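To start, the structure under review is shown below, and the notes come after it.
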Amino acid sequence: MVSTSSTGGRGSTGGRGSTGGRGSSGGRRPRGKLDLDPVTVRKARSLARKVGRPIVDLAQQHTTVSVERATLRLGGLQGADADGIPWVNRLLDAVRGDVGIEHGIALPVWDSLVRGEADDLAVLAQKAAAGSVRFRVPEGRDLVRARSAARKQVGAGMKKVDARRRERERLVRKWGDPEQKPWIYLIVATGDIYEDIPQAQQAAREGADVIAVIRSTGQSLLDYVPEGATREGFAGTYATQENFRLMRAALDESSAELGRYVRLTNYASGLCMPEIAALAGLERLDMMLNDSMYGILFRDINPIRTFVDQRFSRQVHARAGIIINTGEDNYLTTADAVEAAHTVTTSQLLNEYFAKEAGLEDWQLGLGHAFEIDPEIPDSFRMELAHALLARELFPDAPLKWMPPTRHMTGDVFRGYLLDGFFNLAGALTGQGILLVGMMTEAVVTPWLSDRDLALQNVRYVLNAAGGLAEDFRPASDGFIAERARRVLAESIDLLEQIASDRDAAGDPPLLAAIADGTFGLMKRPADAGRGLDGVAAKAPEYFNPASEILEGER
Amino acid sequence: MTILRPYGDTTGDGMVQVSFTLPMPHSKTAEGAAAQLAGKMGIDPAMVVHAKPMGPDFTFFVVYGRVNHLVDTSKVQVVERDYPLLTPKEVNLAVKRGLRRKLVVVGACIGSDAHTVGIDAILNIKGFAGEKGLEYYGEVKVVNLGAQVAVPQLVARAQEEGADAVLVSQVVTQRDAHLLNTKEMSAAFREAYPADKRPLLIVGGPRFDESMAAELGVDRVFARGTTPGEVASYLTDAIVTRRAARAGAGA
């Protein structure tokens, strides 16, 4: 399903509802493998649009410190001061102190450059940090000049992102995509970029098509992006521009050696989501974890901050040709995978709406889901197949991200190995696009070299032995699997309807009200609380952002 | 019977199975090296039943064999947990029945410490080691103040929230900052509250020794690797169960 080009309509959502188009030639042949009713599917999508649209409006009315810092990064500002605080933060804080961010940072910043306060952004940031520059919002001819200077410089940054995308397309043509589907996705996480690199190269040699570098715990709550190559992290490695560059260069070496393009993944999440998206675009990362609600629910980041940051970061990903991976698997790690199956579908529909609104195409939607049903439950594998196939049929052109069991991995590594085998089989049978390799030592240790080798043998055996079994796998349309899938879809429609009619006293959009009253993952996250709220500002009528202008203009 | 041997398929056969990786290319020598290691581990005779190259530089082995060690169960020493481990459901039920209101937990990283890894692992719903954090517990109200919280601010918030317990995480240990910060914190709470009203004070972090609670003036110290479930179980035991026991004894 993954392709680097797509004819799918961009920007529009909800219109394309039928999942059965491929098999239907009139008459009453089953529609697709689950015989989903196209009317029901259209209804699900239109509800997602109804719930999502007010959130998009809200996002368009606000900006955040991170969106503005991302703009500075696209304008070419890099580096950090002696204390490790990035210059983008220094400059933004100074501007914000003088004139706020509601007009956008570009006008006051490029106004002072045009006025000759400094030769370039780096010097301006230093002077601003020292308190020797005063910022203003320019008017009249000064406004026109500042705007045009900002457009030119941020436009140049965007051209770099475009060049990186073309470079990826060229390298994929040269070295090729993986031979098999799903793509094999492996994680490295040593905390030290110089340890990560040989591990990632070894993993690629052993068959990984996608390498994800897990971030240091807690990075999502930092309101700045650390700088430079880093050698110490907690259970992961900091996402920095230099670490991105080093790892991409190493994987380019591996790609040349192996004759297939090895993709690199990181996380555009947390308080610096837009900046990390921009850095990913500039350093040719290929996939980014980017969920619409994860930060709100699991990191207690303010909902408005999250939705504003998310929209901008998704626009950057769309432009950069990056595949996003959404985080539906997380719902199943907190709630029961059978009872909460419909929350995954609901979230996938919302993620799809927000993604397409931001300009992402079907081939860029790595919608997530996971194999997390309690293996003690009778028919657990049938239910896993039903859920996985539902996602496949609902989103036929998306490279679904299939996540391995974690919750019911007990430390019994032998049983875990078997469970991972069934997970791999479900992935093969239901045509998943990206398969995150499960480790039998999940919940025991961070994976050893041998754990990874055994896990890859498991994947290879199953994919090889099952071959094209997905072709033969057509559940009876009145059987357990199809019934279960239809029930989950119906429940997700009920949930979307419930969200759409949710109201709160403040008159917030229904989705915000629903998030506030604990509809998702049992977490109550009101719109006026959570981390990063003080970094949100309502846009002034004269708000200007050259990056957004380019990204919106695209669509 | 206090003297035991591992059991394969016959009493007393002493059979074990181990797997490991040696950083050397696969060869006859590598297999010999695996057998040598197994021998030094007390496995004799050792059967190297599987050897697989992993890339050019590593080899993975599975070894079966008989160990010559005995275990004496009468000499086993373990540090017993002094509270029962509960599931989230059991914690919720105990709180609901015992307190008839939510158990309130206020958490923070105090001083200059910006590492919220520890407190977030315990409190955030995301959790740690496959266990969900305390936010996941329906009957626990979590107020996570985050990083670099000043002690007076922490005390004020604990009073405002009516905290049953205060959780403090300390990762930075330069110049014993974690110990000094903790003592400052516990002193401030003792000053601000009458002894019988003071919330339970709990501190955790990778460099703490669990036996230091009294010295630091806190009720409990949790060391590296503590899971949210252990903290929740401890809180339930200390706040719900023992309080009920005290009340029962007094009645």
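The values are calculated or read from the model by the stated rules, or taken from the named source; none is laboratory data. All values reported here derive from a predicted model rather than from experimental measurement. Counting neighbours? That spans all protein chains shown, and the Cβs are built from the backbone with ideal geometry, glycine included. For the accessible areas, the whole protein counts, side chains as well, though only heavy atoms, and no ligand, DNA or RNA atoms are used. Shrake-Rupley method; radii C 1.70, N 1.55, O 1.52, S 1.80 Å.
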* **Filter result (surrounded by 20 or more Cβ atoms within 10 Å (Cβ to Cβ) and hydrophobic (A, V, I, L, M, F, W, C)) within the range A:163-188** => A:183, A:184, A:186, A:187, A:188
* Asked: Of (1) modelled with pLDDT under 95; (2) assigned to a helix (DSSP H, G or I), residue A:485 satisfies all except one. Which?
  -> (1)
* To do: Kindly indicate whether residue A:208 is in the same structural domain as residue A:351 (by TED's automatic domain parsing) and assigned to a loop (DSSP other than H, G, I, E, B).
  => yes
* To do: Kindly indicate whether residue B:170 is polar (S, T, N, Q) and either open to solvent by less than 30 Å² (accessible area, probe 1.4 Å) or touching a strand residue (DSSP E or B) at 6+ places or on another chain (Cβ under 6 Å) (or both).
  => yes
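Looking at A:268, A:239, can you tell me which residue is surrounded by 24 or more Cβ atoms within 10 Å (Cβ to Cβ) and in contact with a Lys or Arg (Cβ under 6 Å, 6 or more places away or on another chain)?
Details: A:268 fails: in contact with a Lys or Arg (Cβ under 6 Å, 6 or more places away or on another chain).
From the options A:268, A:239, the qualifying one is A:239.
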* **Residue in the range B:17-30 that is nearest to the other protein chains (Cβ to nearest Cβ), counting only those that are open to solvent by less than 40 Å² (accessible area, probe 1.4 Å) and either in a strand (DSSP E or B) or over 27 Å from residue A:198 (Cβ atoms) (or both)** => B:20
* Structure fact -> Filtering helices (runs of 4 or more DSSP H) wholly in the range B:185-251 for at least 1 residues that are out of contact with any Gly (no Cβ under 8 Å at 6 or more places or on another chain) and under 24 Å from residue B:102 (Cα atoms) gives B:228-235, B:242-250
* Asked: Which of the following residues is modelled with pLDDT of 95 or more and touching a helix residue (DSSP H, G or I) at 6+ places or on another chain (Cβ under 9 Å): A:41, A:2?
  -> A:41
* residue B:133 being within 10 Å of chain A (Cβ to nearest Cβ), out of contact with any helix residue (DSSP H, G or I) (no Cβ under 9 Å at 6 or more places or on another chain) and either of a type in the set (A, V, I, L, M) or in contact (Cβ under 8 Å) with a residue 40 or more places away in the chain (or both) -> no
* Can you tell me which residue among B:207, B:190 is exposed (fewer than 15 other Cβ atoms within 10 Å of the Cβ) and within 17 Å of residue B:109 (Cβ to Cβ)? => B:207
* Structure fact -> Per the filter on the range A:527-549, residues in a loop (DSSP other than H, G, I, E, B) and more than 14 Å from chain B (Cβ to nearest Cβ) are A:527, A:528, A:539, A:540, A:541, A:542, A:543, A:544, A:545
* **Filter result (assigned to a helix (DSSP H, G or I) and open to solvent by 40 Å² or more (accessible area, probe 1.4 Å)) within the range B:119-160** => B:136, B:152, B:153, B:156, B:157, B:159, B:160
* **helices (runs of 4 or more DSSP H) contained entirely in the range A:55-120, each with at least 1 residues that are open to solvent by less than 10 Å² (accessible area, probe 1.4 Å) and hydroxyl-bearing (Ser, Thr, Tyr)** => A:65-74, A:106-114
* To do: Hey, could you check the range B:95-120 for residues that are at the interface with chain A (Cβ under 7 Å from one of its Cβ atoms) and in contact with a helix residue (DSSP H, G or I) (Cβ under 8 Å, 6 or more places away or on another chain) and say which is modelled with the lowest pLDDT?
  => B:116
* Structure fact -> Counting only residues that are buried (at least 24 other Cβ atoms within 10 Å of the Cβ) and either under 11 Å from the mean Cα position of the chain (by Cα) or within 14 Å of another protein chain (Cβ to nearest Cβ) (or both), the range A:277-299 contains a total of 12
* Structure fact -> In the range B:31-63, anything under 22 Å from residue A:455 (Cβ atoms) and away from chain A (no Cβ under 14 Å) is listed as B:49
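Does residue B:84 count as in contact (Cβ under 8 Å) with a residue 60 or more places away in the chain, open to solvent by 40 Å² or more (accessible area, probe 1.4 Å) and out of contact with any Leu (no Cβ under 7 Å at 6 or more places or on another chain)? Give the steps one after another, and end with the answer.
Numbers: in contact (Cβ under 8 Å) with a residue 60 or more places away in the chain: yes; open to solvent by 40 Å² or more (accessible area, probe 1.4 Å): yes; out of contact with any Leu (no Cβ under 7 Å at 6 or more places or on another chain): yes.
The answer is yes for residue B:84.
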* To do: Could you figure out which of (1) within 14 Å of chain B (Cβ to nearest Cβ); (2) closer than 30 Å to residue B:18 by Cα; (3) outside any loop (DSSP other than H, G, I, E, B) isn't true of residue A:447?
  => (3)
